[in-house]
Structures are given as C-alpha cells and as structure tokens.
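Presented below is the structure to which this report refers.
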Amino acid sequence: MLNTFQSIDQFLLEHQTFWRFEPFFSSARRVLPWKSAQPELTHWLNTLSPQEIEHFKQSNDELVDALSQYLPSLKQLLTWTNLQQVQIHGLELARGVDSGVPGRKLEQIVSMGEAALTKHAGSEWLEWCSGKGFLGRILASQSGEKVTSFEFQSALCQSGQHEADRQGLDMHFVQGDALSAESITALNPNQHAVALHACGDLHVSLIQKGVEQRLPALTLSPCCYHLIQGEEYQPLSIAAQQSTLQLSKSELRIPLQETVTGGERVKRHRLEEMTYRLGFDLLLNEALGFEQYQPVPSVKKSQLSDGFEAFCRWASDKKGIELPSIDFEYYERLGHERYWQMERMSLVQQPFRRLLELWLVYDKALYLQQSGYQVMVSEFCSRETTPRNLLIHASKL
C-alpha cells in the first residue's frame, strides 16, 4: 500500500498541469493551458463534438485509452484505479428495516452493511454520523448486537430512535458533535465503527478517535473531502506528511466531479444552468468590467425555463448589480460555447479524479496501518450506485 501511495503521489506531482485547474474558471480563456506543450492533444480535444464529449464523460476507460495516444503515461492509471470489489451476495432484510430509504441509497446501505458484517470484529457497533440510523438498523437486525448511533441533528436522533424502538432493535441514539473532543465518549473498545459517506473532517475525526480508543475494527466510506475546517488538507500518515503535494480546499473538490449522470432532463438542466452562469460571468466581465468572479446563489430548476435574460436579471438583482442595455442573445451564445470548452478541459482532468481520491483514501489507510491495524481498500458497490464507492476496512492486529 505504501509503494502504491508513493507511486500515485509522484504521478500526480509530475502531471499537475493536467489536473490542477478549475475548468469553470479556466474556460474563460479560449486557449487550453497545455496548447504549446501538447499541440496534438489540443487539436484532438477541439475536434470533439458535444456527443463525443458526453460519451467520454461516461466511459473513463475509453477516455484514458484515447488520451493515452497523446499522454502514454496515463495507461498507468488503470493499474491503480481498478480495485478489488467486496464480494456482495445480498442480505435478506427483516420486514420494515428498509422503511423510508430511497432505492439507490438503500443499495449503498445494504452493500456497506454486508461488507461490515462480513468482516465484523467486536461485540457491538458504532454508527458514526448516523442520520436516522438506516445502516444501524441493518447491522442491529442482522447481528442482534447493540448499535450506538451518533448524530449531530437532534431531530434525526428522535426520528431514528422512534423507528428503532418500533421495530424492537437494540439501537441507542446519541446526539453530539463529531468534531468535538467530547464525542470520544461515544466510543468504547468493544465497538466496530462504521461510517457511510461521512464528510471531510467528520470521517477524519472518527479515524483519529477510533485509533485512540483502540477500536477492534473500522469500516468507512469517505465523502466530501473539501469539508474541512482549515484551508488546506492536513495529511494523517507519515508518507503523506512527507509528500510535497499540498491540496487546497478547491482541489479537494476535484474527486467529487465524478458523478453519475442522470436522465436527459437532468443533463438538460445542467447544460442550461451552467451556460447561464458562464454567460453571466462573461457579461459582467466584458460589459461591466468585473475582474473578480461574482458567485451567484443556487437557482430553482423551474426558473431556468424563463430563459437567459430572466436568469441574468434575477442574478444581478441578487448581487445588487444594475445592468445596462445588453445583447443577451450574444452572451448566451458565448456561455454555450464556453460550456463546451469547460467540458473539453474537464476531460483531461477526469482520469485524475479517482487518483486524487485514492491519494486521500490511502493517506487514511496508511495512518490506520501505522497505528496497528490491518487495512484493506476496496470498492463496496458499483460506480453506477454511487461514485463514492471506496471502502476502508481496518482490523486491529
């Protein structure tokens, strides 16, 4: 694992030009950042149609294969990113255990639950950042052991406790702040800790407290790496601390760009919204002289059907900006062109997203390993179920 981490670390450092940028902002410049160094790659990207771009966005292996003609070293990515998958056979759930859980989320929870149950250690469970305790219900009903469900929102604790009591499950909800020093009182040395998609510092907090309390096992799937209190990522392992790679909050968002595209309606809404935002940014820059990007609040999807001009008037009103007479069709057209430029640029960054995520996950895994755990990194479900499908399992030696 250490050798793999160090190889990924070196690869990311050597190829920074191709992933260390933000396509949204970089798309304002019509020239691709690697034009002079990679003229053939630049030409190939510029020949891609929107349909071809969409295809490559959904087929990473084909994209790597195509990009490798211009960047041969990219082939190496596949040896690192093709991970072992946890053998999932499916659990027979007790009646009502899945109550209130939406379909795709249920698939994630059941897969995660089975992965934890297969490698269970200890005599009880700790469900970290539990929400209403959906994962805890599966663990309690399948193992018959006590589950402590630790959650920040008191309303979720109350709802989860009510449902667990109704089903006769041995679950105890504890309300608390996972980032506080006091949260360690929720842990005890008999617990196998689990966390499904605990964000940023929340899963880091569990790992550190789990090591301190010498938990027999931890099974977690990290998420939202950018949700940290500092401005830069703070490595846990010795190997990552020795690396010269420092990641900012915005760079920690890069792995999260890996999404499962929804239906045509979802894709259309994204194209419209991003076109409008990109066009509005150009409008402010060219027509009003704004040099700094002006962030625009979230917009209701229903508003998009009102058109670009309505979006600009709504956004300028939100920002307290008075618009002069504007050729809205011109800036909408530029926004549309910029959208596809953004998507072209993101194709080059795309293969590095998983690699960055693995760097972050291996940092946690190596920290657990150096703290006396046997650690395995794998995938607990398909990418289609969720792109955040990496699983860290650690058993105390």
Enter the angle in degrees (range 0 to 90, nearest 10) between the Cα long axis of helix 134-143 and the first principal axis of the Cα atoms of the chain, meaning the one along which they spread out most.
-> 30
What size of dipole, in debye to the nearest 20, comes out for the range 73-121 about its Cα centre when the only charges are +1 on Lys and Arg C-beta atoms and -1 on Asp and Glu C-beta atoms?
-> 180
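Do you know the relative contact order of the chain, to the nearest whole percent, from alpha carbon pairs under 8 angstrom that are 6+ apart?
It rounds to 22 percent for the chain.
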According to a simple spin-label model (label point 7 Å from Cα along Cα-to-Cβ), what is the distance in nm between LYS119 and ASP327?
-> 6.0
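Given Cβ point charges of +1 (Lys, Arg) and -1 (Asp, Glu) and nothing else, what value in debye, to the nearest 20, does the dipole of the chain about its Cα centre take? It would help to have the intermediate numbers written out before the result.
Details: 37 positive and 47 negative charges, 61 e Å.
Charge dipole, the chain, about its Cα centre: 300 debye, nearest 20.
How long is the gain from ARG104 to THR4 if the chain were fully straight, where each residue apart is worth 0.36 nm and the alpha carbon distance is subtracted?
Numbers: separation 100, 0.36 × 100 = 36.00 nm, distance 3.16 nm.
Here the answer is 32.8 nm.
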Name all residues of the range 328-344 having a backbone nitrogen under 14 Å from the label point set 7 Å from the Cα of ASN46 along its Cα→Cβ direction, giving them as ranges.
-> 341
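Can you give the % of DSSP beta bridges in the chain that are antiparallel, to the nearest 5?
35
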Per residue of the chain, what 222 nm ellipticity follows from adding -39500 (n - 2.57) for every DSSP H run with n ≥ 4, rounded to the nearest 500?
-> -15000 deg cm²/dmol
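Indicate the gyration tensor shape class of the range 151-277 (rounded, prolate or oblate), computed on the Cα atoms with a ≥ b ≥ c the square roots of the eigenvalues: a/c under 1.5 is rounded; otherwise a/b larger than b/c is prolate and the rest oblate. It would help to have the intermediate numbers written out before the result.
On the way: a/c = 2.47, a/b = 1.24, b/c = 1.99.
Judged from the Cα gyration tensor, the range 151-277 comes out oblate (a/c at least 1.5, b/c at or above a/b).
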Based on the Kirkwood radius over alpha-carbon pairs, what value in µm²/s does the Stokes-Einstein equation return for the translational diffusion coefficient of the chain at 37 °C and 0.692 mPa s?
-> 142
Per-residue HN-Hα couplings for the range 221-229, Karplus 6.51 cos²θ - 1.76 cosθ + 1.60 at θ = phi - 60°, whole Hz, x for Gly and Pro?
-> 10, x, 7, 6, 4, 7, 7, 10, 7
Find the relative contact order for the range 94-147 and round it to a whole percent, using C-alpha pairs within less than 8 Å whose residues are 6+ positions apart.
-> 40
Obtain the nm distance between the two label points defined at HIS269 and ILE238 by a simple spin-label model: each point lies 7 Å from its Cα along the Cα-to-C-beta direction.
-> 4.9
Tilt of helix 2-14 relative to the longest C-alpha principal axis of the chain, in degrees (0 to 90, nearest 10)?
-> 10
Computed for the range 176-299: size of charge dipole around the Cα centre, +1 on C-beta of each Lys and Arg, -1 on C-beta of each Asp and Glu, debye to nearest 20, value 440
If one compares the long axis through the Cα atoms of helix 200-212 with the longest principal axis of the Cα atoms of the chain, the angle in degrees, nearest 10, works out at 30
Placing +1 on each Lys and Arg Cβ and -1 on each Asp and Glu Cβ in the range 1-95, then taking the dipole about the Cα centre, the residue among TRP44, LEU83, PHE25 whose Cα reaches farthest towards the positive end is PHE25
So which aspartates and glutamates pass the test for LYS132, namely a Cα distance under 17 Å, with those fewer than 8 places away in the same chain ruled out?
-> ASP98, GLU107, GLU151, GLU163, ASP165, ASP170, ASP177
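Could you give the C-alpha radius of gyration of the range 111-189 expressed as a fraction of 2.2 N^0.38 Å, taking N as the number of residues it contains? Walk me through the numbers on the way to the answer.
Working: Rg = 11.9 Å, N = 79, 2.2 N^0.38 = 11.6 Å.
Normalised by 2.2 N^0.38 Å, the Cα Rg of the range 111-189 equals 1.03.
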Taking alpha-carbon centroids only, the range 89-104 lies from the range 358-384 a number of Å equal to 26
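Within the range 39-148, which GluC sites (Glu not before Pro) sit in a loop by DSSP and count at most 15 neighbouring Cβ atoms inside 10 Å? Show your work: numbers first, answer last.
Working: sites: GLU40, GLU52, GLU54, GLU62, GLU92, GLU107, GLU114, GLU124, GLU127, GLU145; in loops: GLU92, GLU145.
Within the range 39-148, the qualifying GluC sites (Glu not before Pro) (loop, at most 15 other Cβ atoms within 10 Å) are GLU92.
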Toward the positive end of the charge dipole of the range 283-397, about the Cα centre and with charges on Cβ (Lys, Arg +1; Asp, Glu -1), which of ALA315, VAL299, THR385 goes farthest?
-> THR385
Which distance in nm do the two modelled labels at ARG30 and GLU337 give, with both placed 7 Å along the Cα-to-Cβ direction?
-> 0.6
How long is the gain from SER68 to PHE290 if the chain were fully straight, where each residue apart is worth 0.36 nm and the alpha carbon distance is subtracted?
-> 76.0 nm
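Read-outs throughout are calculated quantities, based only on the coordinates presented, and are distinct from any laboratory measurement. Note that the structure is a prediction, hence the values are computed from the model and not measured. Reconstructed Cβ throughout: ideal geometry from the backbone, glycine too, with neighbour counts over all protein chains shown.
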